[in-house]
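Trainee: Let me give you the structure first, and then I'll get to my questions.
The values are calculated or read from the model by the stated rules, or taken from the named source; none is laboratory data. If you're wondering where the values come from, they're calculated on a predicted model, not measured in any experiment. Cβ atoms come from the backbone with ideal geometry, glycine included; neighbour counts cover every protein chain shown. Please note that ligands, DNA and RNA were not included when accessible areas were found on the heavy atoms of the full protein model with its side chains. Shrake-Rupley method; radii C 1.70, N 1.55, O 1.52, S 1.80 Å.
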Amino acid sequence: MLYQWGASEAATGVNAEMLTMLLVIAALGAWVIVLLVRVRQRGLALRRLERERDRLFHFSLDLLAVLGQDGKILRCNAAFPRVLGYTERMLQGKSLIDLVHHDDLAETMSALRRLSSGEAVEFVARMHGITGEYRWLSWHINPVNDEDACYAIAHDITRAKQTEQALQAEMAFRRAMEESLVTGLRAIDLQGRIIYVNPAFCRLVGFTEEELLGCGPPFPYWPEESLETCWESLRMTLAGRFPPEGFDMRIRRKDGERLDVRFYLSPLIDGEGRHTGWMAAVTDVTEARRVRAALEAAQRRFAAVLEGLDAAVFVADWESDEILFANRAFKRIYGFDAVGQRAAALGVPRPLTLGQDGEPIDEETLPRELFDGEVQHPESGRWYHVHEQLTRWVDGRIVRMAIATDITVHQHLRALELQRQAQLQQTARLITMGEMASTLAHELNQPLAAIANYCRGGMSRLEQGRLDEAAARAVLEKAATQAERAGSILNRIRDFVRKSEPRRESVPLAEIVEGAVEIMTPEAKRHNVRLLVELPEVLPPVRADQILIEQVLVNLIRNGIEAMARTRPAARQIRVQAARQDERHVAVAVIDRGRGLSPEEREQIFTSFFTTKPDGLGMGLKICRSIVEFHEGRLMVEDNPQGGTVFRFTLPLEE
């Protein structure tokens, strides 16, 4: 019984141990299951984290990369193709050194050396993209020693760098402007302390920027003798009561020199719109004041000179015709209230040579002459020489400026001179005719004798009964021809000697030459001189007084005949030539083969009462020159290369 009880008790103990073991195994199994579930959950979470990491890695706007310890790219995100244009495959195995701008290479290599020693680095470098352009990247690289790799992140700061460079350029430009300004700039705060000065202001006052910044009144550039004025100017500035056109003030340089300056003030407003002070632009007007004082003194002297002139001077606006200035002589003629009135209302005519029919005035041609001539005053009858031109007035307006000189006395003297010249011309013609009287008597004797012979021959044949109608007609025609010849000679001489007023008209030059040669032919024959006329077939008419020009030619031919008194007879000849000189003038030359003129004689040949002839008056060539100049021509003398003298004068063509 005891044995059974013991056996039964032993069996019960074994069952309990078995049950305990089963319970332990079951618990361990459950724990393993829980661990497996948790491991699975953690694996799933880890894979989810890895996917999130990859998503963050690839979709990050920043450039992310995994680098080796040597700086080579092992992996990079999608921002690299977007920023630099390279794909991950193109960048794998490349070092950052391969992408860096050569100017940033030293800084990048230094950072990579520090990275290889396990130090986190930060640096900024330019990386060239696939298109060749460079982008600014800010790198942050951290090494992970247990993974033998480095994690890098780069921010694209190209736009920020460009903005920074633009700001630096703007600051450099502003600094250069401040350095180059000749106008001084000074800023004060609301209490009157200097908060800014530019280099030009420092140069102006002679103090440095350090000596001026922070200074309050009285400022070191205020002169002792003008402190009260300077204080008043400062109070006016701080109160905002300064004039918009600025104000003048005297300052003292550091070396003691005094300067006159002009201040132009404006409020100083900050970026938030608050009034923080006053900005002043300061310019040196010392030289300008000196020049202005000199100009004012010169103007006073000039006005005194103009007021003292006998000539009348006035200035009138070209558009409105208002008289802007008139001197005392002008006011004596037109009234002392002339300034401010219209010139036309005072009887001063407006030149019509410019600005007609709204024609614009070319300002580049100013000053430009409007009129230069003689004018008679309609009321007083006095004569004035008026010179008027178009120019620019001191205020920029276009004006007409005129100077009128009283030439009434000169006009009277000129009239007397013309009267004496006319008398001398008449006397010269009479003297010429007196000297030619014997030659003319001989010349007239021939046609008169021929007429007498024809008449006696006709009467003899009539008495003999041999004078038929045909023979009588022939005798009468020959006698009439000789009578016309004598009458022509007498008419020519009468016209030549007759006193008349000069009358310029269109006349053929050949006709003038022919008349003069016809008059001088008898005397030329008496002295065995050949007269040769060399005129072109076509020659325009001239505008001249025929009798006066004939007188010139007669005088010159006669002088040539007398100059060849000692020339051998075979060489005695006078050539009368004419040719067109230019579009407006014709030149006439009388060429002889006489003894010529010495240099001393050529200098005085046109002087009154100078003569090379023992019985001459010395007025012939003087009168000839006056006649030619009356015709707006010139009378000149020169040597004949073949021996003798050439007298040449010009005449205007008929327009």
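Trainee: In whole Hz, what ³J(HN,Hα) sequence does the stretch 395-409 give by Karplus (6.51, -1.76, 1.60; θ = phi - 60°), x for Gly and Pro?
Mentor: So the Karplus estimates, Gly and Pro as x, are 9, x, 6, 8, 10, 9, 10, 10, 10, 10, 10, 6, 10, 4, 5 Hz.
Trainee: What does the highest-first list of 168-175, 201-208 look like by mean Cβ count within 10 Å?
Mentor: For the peptides 168-175, 201-208, the packing ranking is 201-208, 168-175.
Trainee: Using the Cβ atoms and a cut-off under 13 Å, what net charge is assigned to the surroundings of residue 387, where Lys and Arg are +1 and Asp and Glu are -1?
Mentor: -2
Trainee: To the nearest 10 square angstrom, how much accessible area does residue 284 have with a 1.4 angstrom probe?
Mentor: About 80 Å², ignoring ligands and nucleic acids.
Trainee: For residue 632, enumerate residues with amide H under 5 Å from its amide H, sequence gap 5+ or separate chain, H modeled in the peptide plane.
Mentor: Amide H neighbours of residue 632: none.
Trainee: Under the rule of at least 5 residues apart or a separate chain, name every residue whose amide H is placed under 5 Å from the amide H of residue 277.
Mentor: 268
Trainee: Bin width 5 Å, alpha-carbon pairs only: give the P(r) of the stretch 54-187 as whole percents, running from 0 to the bin holding the largest distance.
Mentor: Once binned at 5 Å, the Cα pair distances of the stretch 54-187 give 2, 10, 17, 20, 16, 10, 6, 4, 5, 4, 3, 2, 1, 0.
Trainee: What does the charge count near residue 216 come to, summing +1 for each Lys or Arg and -1 for each Asp or Glu among other residues with Cβ under 11 Å from its Cβ?
Mentor: For residues surrounding residue 216, the net value is 0.
Trainee: Lys and Arg at +1, Asp and Glu at -1: add these up for the other residues within a Cβ distance under 14 Å of residue 636 and post the number.
Mentor: Result for the local shell: 0.
Trainee: Moving on to the next point. Suppose R0 equals 45 Å; then what is the FRET efficiency for residue 291 and residue 78 from their Cβ-Cβ distance, rounded to the nearest 0.05?
Mentor: Between residue 291 and residue 78 the formula returns 0.05.
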